[in-house]
Amino acid sequence: MKIGIAGYGQMGKVVHKAALAGGHEVPLIIDPAGGTDGLILNALTPGMPAVDVIIDFTVPQAVMSNIRRYGDLRIPAVIGTTGWYDEMDQVSSIIERTGIGLIWSGNFSLGVNLFFHIVRSAGIIMNRFSDYDAAVHEYHHRHKADSPSGTAAMIGDILLDSLERKKSILAGSPKEAVTAEKINITSTRCGSITGTHQVIFDSEVDTITLEHSARNREGFAYGAVKAAEWIRDRSGLYSIDDLMQSIIGGK
């Protein structure tokens with residue numbers, strides 16, 4: 001399979017290695033800061049090398065114009081960029097108009113997505129035990145731009161769906177007491193931490209903590225390449241949940 005990469009920062013470079021390790025070709029790399037040296041182009045242009053799928057780890061400001069371009073060129077896409085989800089209705093319209101396949105996630109690590117399934121199951125159990133409060137904390141390197149992380153926000157949404165007593169998310173360090181219907185999501189930024197996410201269930205008598213820690217970026221890259229293989233021959237808008245369900249549920 002021929003994979004294009006949009007965005008050639010830290011994640012883009014790791015995705016490149018993962019794609020080659022998986023036996024794929026990478027004939028196209030797009031990065032506005034990359035110039036035109038070697039494979040790297042400043043933008044999608046006429047006459048560029050053909051690709052079967054493009055993997056996008058760019059910036060939120062560029063995602064919508066990128067997706068429109070992928071649609072116009074009929075290139076299936078994997079979108080790992082975060083921070084654009086309020087534009088989902090527009091993305092749905094683009095997918096419907098163009099017929100391409102697009103899969104998105106705030107985190108393509110298969111381990112993290114297994115963690116999501118575990119958190120969802122735990123939330124369903126804890127919905128029956130109202131003595132337990134719930135919170136989310138995440139750690140990342142000090143250069144990470146968003147806080148809380150997209151992954152932490154996804155965990156918060158999972159808990160909102162499964163805990164009937166929780167009604168909203170409170171992101172960031174609280175300035176006052178946290179009311180019982182809120183889920184507090186907090187963050188630490190320090191050094192070179194790759195990423196750790198914790199879900200805390202706490203009662204007066206004990207604490208249960210679920211944790212996922214990433215050792216490096218390879219897990220995210222491997223999941224993105226897996227998603228590219230999965231979306232290649234599909235049309236429509238999908239999330240990582242659809243990919244995971246096809247693996248876990250055998251669909």
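The values are calculated or read from the model by the stated rules, or taken from the named source; none is laboratory data. Here the structure is a predicted model, which is why all the values come from computation and not from measurement. Because the Cβ atoms are built from the backbone with ideal geometry, glycine has one as well, and the counts that use them run over all protein chains shown.
T196 versus (1) farther than 19 Å from L110 by Cβ; (2) touching a strand residue (DSSP E or B) at 6+ places or on another chain (Cβ under 7 Å); (3) not assigned by TED's automatic domain parsing to the domain that holds L73: which is the lone unmet condition? Looking at each condition in turn, T196 falls short on (1). Residues that are out of contact with any Lys or Arg (no Cβ under 6 Å at 6 or more places or on another chain) and surrounded by fewer than 16 Cβ atoms within 10 Å (Cβ to Cβ) within the range 18-30 comprise L20, A21, G22, G23, listed in sequence order. Can you tell me which residues in the range 135-168 are surrounded by fewer than 18 Cβ atoms within 10 Å (Cβ to Cβ), among the hydrophobic types (A, V, I, L, M, F, W, C) and at pLDDT 90 or above? Matches in the range 135-168: L160 only. Pairing each residue of the range 213-239 that is farther than 30 Å from T188 by Cα with any residue that is among the hydrophobic types (A, V, I, L, M, F, W, C) and assigned to a helix (DSSP H, G or I), provided the two are 6+ apart or on different chains, yields C-beta distances under 6 Å for W230/L243; L237/I95. Among the criteria (1) in a helix (DSSP H, G or I); (2) surrounded by 15 or more Cβ atoms within 10 Å (Cβ to Cβ), the one T186 does not fulfil is (1). Taking the range 160-180 as the range and being hydrophobic (A, V, I, L, M, F, W, C), assigned to a loop (DSSP other than H, G, I, E, B) and over 24 Å from I240 (Cβ atoms) as the test, the residues that pass are A177, V178, A180.
Those residues that are farther than 23 Å from S187 by Cα and part of a loop (DSSP other than H, G, I, E, B), I need them from the range 87-135; list them, please. Of everything in the range 87-135, those that are farther than 23 Å from S187 by Cα and part of a loop (DSSP other than H, G, I, E, B) turn out to be G99, I100, N127, R128, F129, S130, D131.
Do we have any residue at all in the range 51-60 that's without any contact (Cβ under 8 Å) to a residue 12 or more places away in the chain and either surrounded by fewer than 17 Cβ atoms within 10 Å (Cβ to Cβ) or in a strand (DSSP E or B) (or both)? No, the range 51-60 has no match at all.
Assigned to a helix (DSSP H, G or I) and either in the same structural domain as P76 (by TED's automatic domain parsing) or free of Cβ contacts under 8 Å to residues at least 24 places away in the same chain (or both): does that describe D157? In short, yes.
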